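The values are calculated or read from the model by the stated rules, or taken from the named source; none is laboratory data. Quick caveat, the model's predicted, so the values are computed rather than measured. FYI the Cβ positions are ideal-geometry reconstructions off the backbone, even for glycines, and counts take in every protein chain you see.
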Amino acid sequence: MTYLRVLDCGPATSVQDAGRFGYRRYGVSTAGAMDHISLSLANALVGNAPHEAAVELVLSGGRFELQGGAALCAVAGGGAELLIDGRPVAPLHSACAYEGSILQVRSPNRGVFAYLSFSGAVKSPCVMGSRATHRRTGLGGAPLQPGDRLPLDDGEAFTGEFAPLRLRQPQAPARQPSGNEIRILPGPQLDAFPPDALSALDGAEFTIDALSDRMAYRLRGAAPMRRCSTELVSDGVTPGSLQIPGDGTVLVLMRDCQTTGGYPKIANVISADLHHLAQIPPGQRVRLRQVTHAQAVSAARGLKVWMASLKHGIDPALTEPDVKVLLGCNLISGVTDGKS
Amino acid sequence: MSPPRNRSDRAAEFYEPRILDCGDAALSVDFGNFIDPQVNARVMALDAALSARSIPGVVEAVPSYRALMVHVDPCRVDFDELRHTLLKLASSSGQVGLRRQRWVVPVVYGGAFGEDLEVLATRHGLSNTQLIDLHSAPVYRVYMVGFMPGFSYLGGMDARLRTPRRTQPRPSAPASSISIGGSQSAIGSLPAPSGWHLIGRTPVRPFMPSRTPQFLFQPGDEIVFDPIAERRWNALDAAAAAGETVAQPAS
């Protein structure tokens, strides 16, 4: 059995995959990777299907040890860097790690979330069809701590050699809005707000508040947001929902959010932009921009096309010859006296 | 938008449902801002009708008090066709949903099991016994399961027990707490913060990942509370921990 042993990691490090679906009617949050695009990329680089379970690191690095066997490893997201036994792995490349290898992930320097993936994927227990950790309920396990060991296979350790891979196509899908523009759709409870509330959001700039996490991002704007005092009977919510809780901020629900809620929802971040919002660190600014439903669907389709083409954009990496590998090869036939 | 209405209202029954977009990955079929058994019955009926069909791009549906949220894959679903189907089903399904299950749920009321019961009783000018009688008399309806896995929101509580939520929520209420918030009652599941009044606990675990079924109560189920003596707690709690439902199915 191959394991990943945690030597060091930040407090919000956890196993994530696409999330837990089919149980929202029982109050089960989906959880899942905050940046499913970077997760897909990390998985493609090690030959996995896009949404296999990986380790999600949040605003911090980590150090890990591979035990029991070899694995192909990669990191993607937030500009984070992977080092194997002190040797940096080039961005958008995977590399082979061996039994006893120390893997170091440096903090994401451009974003928030980084994904550390392994060939064969993380094989922690599956709960209701998913390995995603939902911290609040403990479903899928708890955030990782030093000393934890994650299984990386189903019992058959691989002690051979993995051929590293690289991405040859553009790293991220082409994105129409520039910089930190986040597209939104109005509703569903627009009539619970003052008439000018939506236009106050559209084009407005906000700062990501430090009190942001996997459940919700809190946005602080120049002018406090007003909401109607109408009480709403609880109904369904979804990641991306924008709520105005009444303390002047805007709350954007994220992957760990609850399934139902009573605050009025003024708008929704479009599905194609939620991972982008997730990668904007606290203290940085975003601008909201209203788009049409058709534009939102078109953006979602564009992302899907990019993801489908991912596996075709993965090539064997061109690497420096590995001395260990070379010594294991028989490059000449016959016998020499060693002098020539 | 009009404020929520709590009593059965003829208008609620004939409210024209609306389809509201919730971003590009969900739609809500909205039956109005009501807490009303007829409105909830319409949600359940639509939920049943929808689940009987297999519509490409529909991921799952989540019923709540007064709306059905339909989560979709925007790349697969035909939005126009889905909206049309939902409206058609919403108008034609009436209130005949799948009749689910009635459960008898044992509860230890008050004392260490329901630390707000005595204060609440005094507040309403009742004795503890009177409050317990009033709370355990009705047949409740599960309107929605949300907030936490298995947390069941109930309708049908006696109006005399209505109490606004606490101004200071508790950081953690015990697992399986029976509580009152506004005009609703609830069966809690996992320990969680709570702004509701805790009046008792049930040994039943509405959610248990290691048990089959993992979830006991579904929207549309009926609940009858059975007050039990504290001395029965340990045995029932142990049975529930071992995976027994403990809640008794009733016809």
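Every test in (1) crowded, with 23+ Cβ neighbours inside 10 Å; (2) more than 14 Å from chain A (Cβ to nearest Cβ) is passed by residue B:91 save one, and that test is (1). For segment B:28-61, the set of residues classified as of a type in the set (Gly, Ala, Ser), crowded, with 21+ Cβ neighbours inside 10 Å and within 17 Å of the chain's Cα centre (by Cα) consists of B:45, B:61, listed by residue number. Checking the conditions here, which among B:59, B:104 is at the interface with chain A (Cβ under 10 Å from one of its Cβ atoms) and under 25 Å from residue B:152 (Cα atoms)? Every option except B:59 fails the conditions. When segment A:293-319 is limited to residues that are without any contact (Cβ under 8 Å) to a residue 40 or more places away in the chain and under 21 Å from residue A:190 (Cα atoms), the one that is nearest to the other protein chains (Cβ to nearest Cβ) turns out to be A:297.
Here is a yes/no grid of residues against (1) surrounded by 23 or more Cβ atoms within 10 Å (Cβ to Cβ); (2) modelled with pLDDT under 95; (3) away from chain A (no Cβ under 14 Å):
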{"position": "B:195", "(1), (2), (3)": "no, yes, no"}
{"position": "B:199", "(1), (2), (3)": "yes, no, yes"}
{"position": "B:226", "(1), (2), (3)": "no, no, yes"}
{"position": "B:234", "(1), (2), (3)": "no, no, yes"}
{"position": "B:250", "(1), (2), (3)": "no, yes, yes"}
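Taking the criterion of being at the interface with chain B (Cβ under 8 Å from one of its Cβ atoms) and closer than 24 Å to residue A:37 by Cβ, the residues of segment A:238-258 that qualify are A:238, A:240, A:241. Among strands (runs of 3 or more DSSP E) entirely within segment A:72-183, having at least 1 residues that are within 28 Å of residue A:23 (Cβ to Cβ) singles out A:113-118, A:149-151. Within segment B:66-87, residues that are under 13 Å from residue B:24 (Cα atoms) have Cβ atoms under 6 Å from residues that are among the charged types (D, E, K, R) and part of a loop (DSSP other than H, G, I, E, B) in these pairs: B:74/B:24, counting only partners at least 6 apart in sequence or on another chain.
Every condition in (1) outside any strand (DSSP E or B); (2) in contact with a Pro (Cβ under 8 Å, 6 or more places away or on another chain); (3) crowded, with 24+ Cβ neighbours inside 10 Å is met by residue A:12 except one, and the failing one is (3). When segment A:259-273 is filtered for residues that are in a helix (DSSP H, G or I) and either surrounded by fewer than 24 Cβ atoms within 10 Å (Cβ to Cβ) or more than 7 Å from chain B (Cβ to nearest Cβ) (or both), the ones remaining, listed by number, are A:272, A:273. Within segment B:62-82, if we keep just the residues that are surrounded by 16 or more Cβ atoms within 10 Å (Cβ to Cβ) and not in a strand (DSSP E or B), the residue that is farthest from the other protein chains (Cβ to nearest Cβ) turns out to be B:82.
Is it fair to say residue A:14 is farther than 30 Å from residue B:48 by Cβ and within 19 Å of the chain's Cα centre (by Cα)? So residue A:14 fits the description; yes.
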